[in-house]
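Student: Structure provided below as structure tokens; questions to follow.
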Amino acid sequence: MVSNGGRDPDGSARMLSRWTFEYAPAREFVENHLKGRVLNACAGRTKLDHVAEIVRNDLNPERDADTHFDVAEISNHFEPQSFDTVVFDPPFDQKQAETKYDGLHAKNVYAALRCFNELVRPGGAVICFGWNSWGMRSFDAFEREETRLLQRGPIHRDVIITVDRRTMGSLVETEAVAKADGGRTLQPGADREDSDSR
């Protein structure tokens, strides 16, 4: 858990704003988890520091990014399992998109997560930011590695960061597990125990 407030080394106030990675604790957390080839799926204006390639995607065509795809369809534009890390920091809701990001946001967050399931290599990770801790729970190939709370104060919701790692070797293995489990798949909002009891 990281409390909001304080000051950065240069003396500026340390506050979590709409540009998540300008907030030092968020940026440091993510940069410490970056491995291999990275997709920053909703890059915004901040560039992360990493020794390997970072593909910066942003829906806004005016942003300085490598690509401008809707994350709900991003797997159509890259080879399967072509990234080691995906960073997903979208607008967290419609109101936030309208007031802070020119109304631009992913058409379908679950579709974006499904794309990341296709794009991440075995051993790779998806780092998600949002109001909830769901992350990649809908996909059996992933296991939760870490959850971090960024506190924003007594009247604001915490920002939740999840790190989920792909532990199964291939999409074929993932499909085989789903078939062995009777073809059931978890949907966002479904409870894993409830799903297993049906």
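The values are calculated or read from the model by the stated rules, or taken from the named source; none is laboratory data. Model, not experiment: these values are computed from the prediction. Glycine gets a Cβ as well: all are built from the backbone with ideal geometry, and neighbour counts include every protein chain shown.
Student: Inside the range 17-76, can you point out the residues that are over 21 Å from ASN117 (Cα atoms), in a loop (DSSP other than H, G, I, E, B), in contact (Cβ under 8 Å) with a residue 60 or more places away in the chain and not aromatic (Phe, Trp, Tyr)?
Tutor: Selection gives ARG18 alone.
Student: Further, regarding this structure: Just give me the residues in the range 74-91 being more than 23 Å from ARG27 (Cα to Cα) and modelled with pLDDT under 95, in sequence order.
Tutor: Across the range 74-91, there are no qualifying residues.
Here is a yes/no grid of residues against (1) closer than 17 Å to ILE54 by Cα; (2) at pLDDT 95 or above; (3) hydrophobic (A, V, I, L, M, F, W, C):
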position: ASP93; (1), (2), (3): no, no, no
position: GLY103; (1), (2), (3): no, no, no
position: LEU119; (1), (2), (3): yes, yes, yes
position: PHE129; (1), (2), (3): no, no, yes
position: ARG166; (1), (2), (3): no, yes, no
position: GLY169; (1), (2), (3): no, no, no
position: LYS179; (1), (2), (3): no, no, no
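Student: Continuing with this model, one more query. Given the structure, is GLU62 at pLDDT 95 or above and acidic (Asp, Glu)?
Tutor: Values: at pLDDT 95 or above: no; acidic (Asp, Glu): yes.
No: the conditions fail for GLU62.
Student: Only one residue in ARG56, ARG14 is in contact with a Lys or Arg (Cβ under 8 Å, 6 or more places away or on another chain) and modelled with pLDDT of 95 or more. Which one? Can you show your working first?
Tutor: Numbers: ARG14 fails: modelled with pLDDT of 95 or more.
Being in contact with a Lys or Arg (Cβ under 8 Å, 6 or more places away or on another chain) and modelled with pLDDT of 95 or more holds for just one of ARG56, ARG14, which is ARG56.
Student: If the Cβ limit is 8 Å and pairs must be 6+ apart or interchain, which residue in the range 129-143 that is over 17 Å from ARG114 (Cβ atoms) pairs with which residue that is among the basic types (Lys, Arg) and not in a strand (DSSP E or B)?
Tutor: What qualifies is TRP131/ARG157.
Student: Please count how many residues of the range 46-65 are under 28 Å from ALA24 (Cβ atoms) and loosely packed, with under 14 Cβ neighbours inside 10 Å.
Tutor: Let us first name the residues in the range 46-65 that are under 28 Å from ALA24 (Cβ atoms), namely 46-60, 62-65.
Checking which are loosely packed, with under 14 Cβ neighbours inside 10 Å leaves us with 47, 49, 51-53, 62, 64.
Residues that pass the stated criteria total 7.
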